[in-house]
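The numbers here are math on the coordinates, done by the rules we state, and not lab data. It should be emphasised that the depicted structure is a prediction, and the values quoted were computed from it without experimental measurement. All Cβ positions, glycine included, derive from the backbone under ideal geometry; neighbour counts span all protein chains shown.
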Amino acid sequence: MPDDVVLGIDFGGTKIAMGIAGRDGEIRRRLRLSTDAGSGAERVVARALAAARDLLGDRDPVAVGVVSPGIVLPEKILLAPNVPGWERLRLREMVAAEFGSRVAVGTDVKAAALAESRWGALAGADPAVFLSLGTGIAAATLVGGQVLAGANGAAGEIGYNLRGTRETASFATGSAPLEEAVGGRGLGRRASERFGRPVTTAELFALARHDPVAERLVSEALDELATHVANLAIAIDPRRIAVGGGLVRSAAIVLPALRNRLSTAVPFPPELVSARFGQDSALRGAIALASGALDAPAEGGCRYEETLPLP
């Protein structure tokens, strides 16, 4: 039907974004609410589903796409420690029980890459990389029209990169070394320690324009991040890298630092651009998963799809 709608839900560490869209991916209505991670996973999902039902009104979606940090499997979610109990969620089943329509679930960054390749800044680029810089750090690679999942669904989890040969923190010790050093949450924590008061990442970047302490902290973080992005580009040789996530609000500072390192370190530097959908990339990815689910076999009305081929 021409007026069919799909529902996309993006579960983040600090916010939940949702939107109703047509089959063309254009969002018609949207809503954003706080994750309230301290209330626990079951409560977070219940609040989101109730809000989504209110957003839909008397309409029923023909398909639902849901994305989350970590590796989203049918029976659990791995590498997503920000919400207590999140790893035990059967997310697809919970969403399907509410809406009874086709449901596709996936990792937020990989789904965002799908959306940017289908409708956004990565269209026509092969290979391509979507780099998410926000509360956490991750990348998704598109090769030959598909998002690379990896043997365990963990391709692109660069937040776990080691920072050097003397690094003692690692996945085995419960750490994500690079993410904790230069991700949004880690930067905010380091800035708060340096200034002796709570400082958000957004405030830190604003301060960096005139405060030498903040400028040095941001510069050091971006230097380290740019090194890892350059190494990723050397390994993959992408045509284009699109940068999304909360740190893109400071694109005037972030992108030149990345571009400079790419231009000097990578034999064939890729084009570096801002993601078309910015902080909405993961939500658009959820909508892309929902749209893809409409073309999939309806096994009991639901479908789990971590990676979908591009059209």
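If a/c stays under 1.5 just call it rounded; otherwise compare a/b with b/c (prolate if a/b is bigger, oblate if not). Do that for region 1-159, with a ≥ b ≥ c from the square roots of the Cα gyration tensor eigenvalues. Verdict is oblate for region 1-159.
What the Kirkwood sum gives for the chain is a hydrodynamic radius of 19.7 Å, with every pair of different alpha carbons counted. Radius of gyration over Kirkwood radius for region 78-125, both on Cα atoms: the Rg/Rh ratio is 1.10. Across the options 274, 85, 285, the greatest Cα extent toward the positive end of the charge dipole of the chain (unit charges at beta carbon of Lys, Arg, Asp, Glu) belongs to 274. Calculated FRET efficiency, residue 46 to residue 194, Cβ-Cβ distance, R0 = 35 Å: about 0.35 to the nearest 0.05.
Rg ratio for region 148-235: its Cα radius of gyration over 2.2 N^0.38 Å, N being its residue count, equals 1.21. For the chain, a simple Cβ point-charge model (Lys and Arg +1, Asp and Glu -1, everything else neutral) yields a dipole of about 540 debye relative to the Cα centre. Basic side chains Lys and Arg get +1 at the Cβ, acidic Asp and Glu get -1 at the Cβ, and with that the dipole of region 124-275 about its Cα centre reaches some 240 debye. If R0 equals 45 Å, the separation of the Cβ atoms of residue 59 and residue 169 corresponds to a calculated FRET efficiency of about 0.40. Entry note, the chain: the mean residue ellipticity at 222 nm calculated from DSSP H runs of n ≥ 4, each adding -39500 (n - 2.57), is -11500 deg cm²/dmol after division by the residues and rounding to the nearest 500. Convex hull volume of the C-alpha atoms in region 124-275, normalised per residue: 119 Å³. Extension gain, residue 162 to residue 206: 0.36 nm times the residue separation minus the Cα-Cα distance gives 13.0 nm. For the residues 166, 88, 30, a GNM of the chain with alpha-carbon springs under 10 Å puts the largest fluctuation on 166. Here's how it looks for residue 243: its modeled amide H is under 5 Å from those of 131, 273, 274, 275, which are all 5 or more places away or on a different chain.
The loop-placed GluC sites (Glu not before Pro) in region 90-164, going by DSSP, include none that has at most 11 neighbouring Cβ atoms within 10 Å of its Cβ.
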